Each structure stands twice: as C-alpha cells, then as structure tokens.
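Below you'll find the structure, written out as structure tokens, and then a few comments.
Every read-out reported here was derived from the displayed coordinates using simple, explicitly stated rules and does not represent laboratory data. Only a predicted model underlies this, so the values are computations on that prediction, with no experimental measurement involved. Please note: Cβ atoms are built from the backbone with ideal geometry, for glycine as well, and neighbour counts cover all protein chains shown.
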Amino acid sequence: MKKKLSLYIGLIIISINTANGNLFSIYSYVRQRININTISPEETNICYALQKKIEDYIDNFNSKISVNILNKNGEFIVDINGKIPRIPASNQKILSSAFSLDNLGPNYILKTSLNEMSNGGLYLDASGDPDFDKRHLDELLRGLNSKEFNTVIKLPILISSSNKNTWWPPSWSYSDRKEEYGAPITKYSIASNASTNALNNPIDNFINELKTSLVRNNLSSKYFIKPVYNDSIDFVSTIKSVNSAPLYILLNLVNSESHNYTAEVVFRHSLNNWSHDFPNVKYTKWLNDQNFDSDDFIFADASGLSRENRVTTYGLSQFLRRMQLSRYADYYFSSFSILGVRGSLKNVKAPINLKGRILAKSGRLSNVRSISGIILGKDKIFSIIVNNKENSTKNIINILSIVDNTNYCT
C-alpha cells in the first residue's frame, strides 16, 4: 500500500512539473551539474613549436600578456603567464552573464508595471529595463484617462527612490561615472540612463520624464509623483505592464555589444539584490560550483569597468570549456561577438581567414585589452589578456592568426 501511495505521489509530482514545463528543466540542470562535476581535468600538453612562435612574437612585452589555448581534448597546448591575475575589462562579463543566464533562464524578462493601491493611488514599479524609454511611460499612463477620479484631490504615483551611494559600484572611477558607458545602475531609468541629465541624477531624470508624460497624456491635474524610500509597497492590482526583451536577447547587449548597464542590471536580477556588495556570497558559491581554477579571481563588479577585478586566462579558458556543457550553451555562446561580422569585434582589422571564425568576448580599458572565446573550425578555446600596453588588440589578433596557421598542434 505504501509503495502504491509513493508511486501515486511521484506520478502526481511528475504530472505537475510536466504541466508547468519544469520536468525537462530539472533534468537538464541535473545533467549539467553532473557533467561539470565529472569533467576531465585539463592536462598540460604544450605544443612547443606553437608556444615558441608566440613567445618570439611577444618577446618585448611578455610580462604584460597572458595566453592560454585549449584543444578539443581539454589539453593546454599554450600556456604563457596563464596563472598571473590580470585586469579583464569586459571579459568579466564572460562570468557574470553566465551566472545570470544560469540563474534566471533565457526567457526571463524585466517588467515595469503601473499598479493600483487600495487608496486609489498608483505605484510605478521599475526593473532597470535597458530599452525602457519615454514611449513606454506613455504606454503605461495612457489607460488612466478612462479611470474615474476625484477632481478635487490629486492622487499620488509612488516610485521607490534610491540613495546616490547605490547608483554605482564603489570601485568605478569618478571619471567613468560621467560617461555613458559608466551610467548609474538604477531600477528607474530612461534609455539606460545614457542622457546627460540621467548621468547626473537618474531618479530626478525619471521623475521629470514621468511629469512630462503626465502632461502629454492630460493627467497632470489628476496625479502627482511621490518618491518614497521603500522597496516593498503593497498594491491591489496591476493596471499595465511593459516587458523587456527576453534575457537571451539582452545577453547580446551584454556580450556582443559589451553594454555595461545591461550587464549590471541583469546581474542584480540574478541576485535579487540591488546593492553593490562584492564579493557576493551567492555569486562566489556559483563560481566555485563550476569546478574551475578561480582562486586568484577578484570580483568588484559584473561588467568589468572596475580596475579592481582580476582573472587569469588559465581560469577563463577552463570556464569556457565548462560552459560548453551548460544547458544554455547555445544561448550563451550565440551572444558573443564574431570577428569582422558583429558586435564589438565587427570593425577589428583581421586576416581574411579569421573573419567569421572567432566567436569571442572582447574587453577594453585604457592600457587593457582582452579577447576570450573559440576559434571556429579548429575546436580551440583561447583566452588572451594584455595589461599595461596600449593598442594591443592587433597583437591579440596576430597571436590568433599564428594559432590558426599552425596546423600541427591539434
């Protein structure tokens, strides 16, 4: 009887999960964990002819560069300064975007909603959607004209304000914070906080745009805006919502276009935490679970704009190999740039034989260049980072050309 009861309960659970579309998700996650935990450790099998060619090429800046090449068997055929921690620039997104994808799933959306409270007032709940703009404000407010309202008393529209200290990771330089690529990271944003007004004060900019939208929609006599310092506001119903593109589309912004704001926003959704506290326990645990050498990694942000980040090319190469085992591997790698074709590598000068064959994430800061990814057709994973040398993208491309033209190292 007990066995039958257990069987029935099991069938009910399977039925519920199947109906919710969760069964395959659970299975694929378990399979991913098993594959990553049991992956064969990387061996060192240096192709000395290839390594010598690269060492000769980088002879006058050897101390400033790290190079690792993994073949399809999981063997390091090139390892030059691979375990020296380097500033990764946007190669930091290789890690943070994988974390976001694994935790949220490819179809996760950022939602901005206008909600009605029990007193008749409204609460506008935002999510940092990078594409949310003035048109979407109008879309949220447009339906309010049909609502009954008291012509004597204006009703509030609440927004959850935030302290200026939480707008940027603390290690971002003040000069970067004045630029579009260093825009403040806030839930309430218009067009990724890229305007001059938003760079100075994103909350005031959002409020001003909301006021303007109220005027455009003939609602300024009915509602006023009230900022509150409260992230938990009760409401009785949602009047209108605006959804972002799904996460797998946003990841193209993060990785192919190297958009810092989007990288930081989706990372905060992954944590369900909008503070800038690093190191983060959840993120650190997830990285440890990926079963690669990250002991010398330092995490100061999700986007790589901070110069306090540190990674190794040895560890990044290992990580990319593990991401090939992810249940979301296709979504992940399809978000990378392609040399000469799309994204941040589209306009990089390269030999014709490499164009369209380097699927990678690039990064750049002053005196920092990084490119890590896959050489298509060669089944080779690579990670190359240069610190303390300006205009070194061409050096990285030349190294990739050396690897591609060396056929006796498999």
Under 12 Å from residue 83, Cα to Cα: aspartates and glutamates that are on another chain or at least 8 residues apart: 293, 295, 296
Computed over region 111-244, the ratio Rg/Rh where both radii use C-alpha atoms and Rh is Kirkwood: 0.99
Sparse-neighbourhood loop sites, trypsin sites (Lys or Arg not before Pro) in region 47-115 - DSSP loop, at most 13 other Cβ within 10 angstrom: 72
Of 64/355; 53/389; 64/285; 147/211; 93/394; 134/282, those spanning more than 24 Å from alpha-carbon to alpha-carbon: 64/355; 64/285; 134/282
Hits among lysines - C-alpha to C-alpha of residue 164 under 16 Å, sequence gap 8 or more where chains match: 178, 187
Candidates per GluC sites (Glu not before Pro) in region 131-239, loop by DSSP, up to 15 other Cβ within 10 Å: 148, 179
Fluctuation leader among 31, 364, 321 - the chain, Gaussian network, Cα springs under 10 angstrom: 31
Angle between the chain longest axis and helix 23-37 axis [Cα atoms, degrees, rounded to 10]: 40 degrees
With Cα atoms, 0 to 90° folded angle of helix 2-19 axis to the chain main axis: 80 degrees
Backbone N under 14 Å from the residue 201 label point (7 Å along Cα→Cβ), restricted to region 151-194: 161-165
Cut-off 10 Å between beta-carbons: net charge of the residues surrounding residue 142, Lys and Arg +1, Asp and Glu -1: 0
Derived scalar couplings ³J(HN,Hα) [region 374-379; Karplus, 6.51 cos²θ - 1.76 cosθ + 1.60; whole Hz; x for Gly, Pro]: 10, 8, 5, x, 10, 6
Amide H within-cut-off set for residue 161, under 5 Å, with H built and near neighbours excluded: 228, 229, 230
Over the chain: Kirkwood hydrodynamic radius from C-alpha pairwise inverse distances, Å: 23.4 Å
Per-residue HN-Hα couplings for region 392-400 [Karplus 6.51, -1.76, 1.60; θ = phi - 60°; Hz; x = Gly/Pro]: 9, 4, 5, 5, 5, 4, 5, 5, 4
DSSP loop chymotrypsin sites (Phe, Trp or Tyr not before Pro) with at most 13 other Cβ within 10 Å excluded, longest remaining stretch of the chain: 230-407
P(r) tail fraction, region 302-353 - alpha-carbon pairs more than 16 Å apart, %: 63 percent
